[in-house]
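What follows is one structure encoded as structure tokens, with my remarks underneath.
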Amino acid sequence: MTAIALALGASLAWGAADFGGGLLTRRFPVVGVAVVSQAAGFVALALVALATGASIDGHGFALGLLAGAGGGLGLAAFYRALAVGTISVVAPVAACGAVVPLVLSLLAGDDPRAVALVGAVVALAGAVLASSEERAAEEAGRRDAVALAAAAAVLLGLFVFFLGRGSQHGGALSALVGARTGSLSLLAAWALATRTTVTFGRDTAAVAGVGLLDVAANALFALASREGLLAIVSVLGSLYPVPTVILAHVVLRERISAIQRAGVLVALIGVAMVAANG
């Protein structure tokens, strides 16, 4: 139950961070938002490492670097998709990325109970249910948003898998520092190459806040992967579209269709199945 609670906490924090990041990238360059938010998270991790005197494990750090490569590019793609598309539909498309760590974890030897595995798949199906409307859309801008979200799904799926593995084999902090080092280095190089501005004036605190939420979610997921099977917690951690959709409805008054409402219900049923049999 601890792993389930941590993974669901990660999904809530990721959902809130994605919502905030999506709003900011409608007004500022995507790479700039990603760089500053990632930098804020890196500073937070550095302070934790200094305060605790924790050493960094090389193996965990290396796996974290692999996670960061996927996470950095995936985050930029996802933020861009949120900037050009509808938040309540783009986010569920990206949630399909949970298939990546689920399959890789099973291939690596994870052996969850059958009912828990079925529950995880049901939860994932609920989280991505709303994407069917976006795929049927005819507008070019919407198709671009879905293509970006699909790319983000694969990249973020690799991020989740390697972050979980790094946490399991080298410690949560080592994997987190490696992941943030990899993503920040990649995004900073991108910003320099494109000469993208990374200053936001009065909105700097908001951008940094998104980064702190994101690194908090990463930490919760890293801890969850040490407490439970990665095949299960990776799916539960990928339910972030649900809080993102709800925030978009409450704050932006975006319409939630009947199929999206059904998706939320299906996701909750899946979570209940995992909780009862995990």
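The values are calculated or read from the model by the stated rules, or taken from the named source; none is laboratory data. For clarity, every value in this text was computed on a predicted model and none was experimentally measured. Cβ atoms come from the backbone with ideal geometry, glycine included; neighbour counts cover every protein chain shown.
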Among the candidates A130, A91, residue that is at pLDDT below 90 and touching a Ser or Thr at 6+ places or on another chain (Cβ under 6 Å): A91
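Look at L65 and say whether it is out of contact with any Cys (no Cβ under 7 Å at 6 or more places or on another chain), surrounded by fewer than 23 Cβ atoms within 10 Å (Cβ to Cβ), at pLDDT 85 or above and farther than 15 Å from A222 by Cβ. I'd like the intermediate steps shown before the answer.
On the way: out of contact with any Cys (no Cβ under 7 Å at 6 or more places or on another chain): yes; surrounded by fewer than 23 Cβ atoms within 10 Å (Cβ to Cβ): yes; at pLDDT 85 or above: yes; farther than 15 Å from A222 by Cβ: no.
Answer is no for this residue.
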Check on A153, crowded, with 22+ Cβ neighbours inside 10 Å and at pLDDT below 95: yes
Within the stretch 95-115, residues surrounded by fewer than 21 Cβ atoms within 10 Å (Cβ to Cβ), in contact with a helix residue (DSSP H, G or I) (Cβ under 8 Å, 6 or more places away or on another chain) and assigned to a helix (DSSP H, G or I) come out as V99, L104, L106, V115
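Limited to the stretch 38-56, what total is found for residues that are among the hydroxyl-bearing types (S, T, Y) and either modelled with pLDDT of 90 or more or in a helix (DSSP H, G or I) (or both)?
Initially, the stretch 38-56 is screened for residues among the hydroxyl-bearing types (S, T, Y), giving 52, 55.
Retained after the next criterion (residues that are either modelled with pLDDT of 90 or more or in a helix (DSSP H, G or I) (or both)): 52.
Summing the residues that are among the hydroxyl-bearing types (S, T, Y) and either modelled with pLDDT of 90 or more or in a helix (DSSP H, G or I) (or both) in the stretch 38-56 gives 1.
Which of the following residues is surrounded by fewer than 20 Cβ atoms within 10 Å (Cβ to Cβ) and in contact with a His (Cβ under 8 Å, 6 or more places away or on another chain): H249, H169? Step through it out loud before you land on a result.
Numbers: H249 fails: in contact with a His (Cβ under 8 Å, 6 or more places away or on another chain).
After applying the criteria, what remains is H169.
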Within the stretch 169-197, which residues are hydroxyl-bearing (S, T, Y) and either more than 16 Å from V35 (Cα to Cα) or in a helix (DSSP H, G or I) (or both)? S174, T181, S183, S185, T194
Among the numbered conditions (1) in contact with a helix residue (DSSP H, G or I) (Cβ under 6 Å, 6 or more places away or on another chain); (2) aliphatic (A, V, I, L, M); (3) free of Cβ contacts under 8 Å to residues at least 60 places away in the same chain, tell me where I56 comes up short. (3)
